[in-house]
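The values are calculated or read from the model by the stated rules, or taken from the named source; none is laboratory data. Being a predicted model, the structure only gives us computed values, none of them experimental. Ideal geometry is used to build each Cβ from the backbone, glycine not excepted, and the neighbour counts take in all protein chains shown. Only protein heavy atoms, including side chains, enter the accessible area calculation; ligands, DNA and RNA are left aside. Shrake-Rupley method; radii C 1.70, N 1.55, O 1.52, S 1.80 Å.
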Amino acid sequence: MRHSYAPCASSLVLTLLVVGTVARGGDNVAVELASGGLVENRAQELWAPYAADSVPQFDPAVSSAQYTDTDLTLAGHGSSSCAWQWQLLPEGLIYRSYLAGPREPRFQLNYFEETSSNQTLWDVTLGGRRGLLRFGTEDPLRPQGWQLDIEGAGFVRLNIDNHHDVDVSDYRFGIPLTYGHGRWQFKIGYYHVSSHLGDELIVRMPSAQRKNYVRDSMLIGVSFNPRPAWRLYGETAYAFKPTGGAKHLEFQTGVEYAQPGPTGFRGTPFFATNGHLRQENNFGGDYTLQLGWLWRGRTGSTMRTGFQFLTGKSNQYQFFNESEEQYGWGLWYDF
């Protein structure tokens, strides 16, 4: 039996305190160019590559700017054109998915114990996000400009204690328009999500009632890098004509840390946290914490593995009003 309790509000407050602390320190660690200021056509110079042996490589033909931030790690090889141009099906993303966002389209396998029901579960996500059209730079790791993306994913929960039954499956489809300049990224767009109770759970529990949970939402998000390794973000979405217990408003915010650029085989540690508040839960919701190891390729694709903790309301919308506490291990891949 699931037990209901209020979300862990103190954890979300901790997230907001971390955001404020990092943001206040941002001016003290800002990168200064020798010419003064970060101009549009030189923005991706902040993200020149780390080589596999962790020694930064600079191309003197690209820039002779002096970097004053000793924590700066760079991500591109400086070989991509600074000029903005039209690109069909571009490599890389301007506004990347939130690392600890439990509803982001990606490939995911999360194995965890759900303590309120004493069940062992798998949350599996099959999906991703790719660029359709870009007007901007060609750098796949830190592109600047405008980009239209397409995203989609299925979110499936498997009950390991009951022969890997499919308890629930949610589906998401979206079309975000993103813009990036310097250390700022912005996103507006539309997404649809619907939730479906699993046939095997209905057979196992004939009294279970399906909720016709549907959200068609317009969203806006903003992301900021006070340092290349740090990211702060916030997002809000408004659903028009929600059904099945869904309400109009939702918010999420979070903090991420991972060194940018290709990592080679050694990888790099990462940390991510996300708070997701929903009107149907009286603006309670869920809080997620992740710690682990990350590998990044030369086009920005990332693979991660590590510990995940989630507390608050369920991240599966058939159970949106039920409380869960999850401890587990995850594997995540983002294009």
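The table below lists the values:
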item: Net charge of neighbours whose Cβ lies under 12 Å from the Cβ of Pro242, counting Lys and Arg as +1 and Asp and Glu as -1; result: +2
item: Bins of 5 Å, starting at 0 and running to the largest distance - Cα pair percent for region 112-223; result: 2, 10, 15, 17, 14, 11, 10, 9, 7, 4, 1, 0
item: Under the Karplus curve 6.51 cos²θ - 1.76 cosθ + 1.60, θ = phi - 60°, whole-Hz ³J(HN,Hα) for region 264-271, x wherever Gly or Pro sits; result: x, 6, 6, x, 7, x, 9, 9
item: Region 232-335: trypsin sites (Lys or Arg not before Pro) in DSSP coil with no more than 10 other Cβ atoms inside 10 Å; result: Arg266
item: For region 223-266, accessible area per residue (1.4 Å probe, heavy atoms of protein chains only), Å²; result: 41 Å²
item: Those lysines that a straight Cα-Cα span of less than 21 Å connects to Lys241, excepting residues fewer than 8 apart in one chain; result: Lys211
item: Given charges at Cβ of Lys, Arg, Asp, Glu: region 126-281 dipole, positive-most of Phe186, Thr253, Ser217; result: Phe186
item: Positive-end extreme of charge dipole, region 197-335 - chosen from Asn315, Met205, Leu331 (charges on Cβ); result: Leu331
item: Accessible area per residue in Å² at 1.4 Å probe, computed on region 90-221; result: 39 Å²
item: For Arg106, residues with placed amide H under 5 Å, excluding near neighbours; result: Gly127, Gly128
item: Share of carbon and sulfur in the accessible heavy-atom surface of region 267-313 [1.4 Å probe, %]; result: 67 percent
item: Alpha carbon centroid spacing (whole Å) that separates region 182-241 from region 260-328; result: 13 Å
item: ³J(HN,Hα), Karplus 6.51/-1.76/1.60, whole Hz, each residue of region 148-162, x for Gly, Pro; result: 9, 10, 9, 9, x, 6, x, 10, 10, 10, 10, 9, 5, 6, 10
item: Accessible-area composition of region 104-200, carbon plus sulfur, in percent [1.4 Å probe]; result: 65 percent
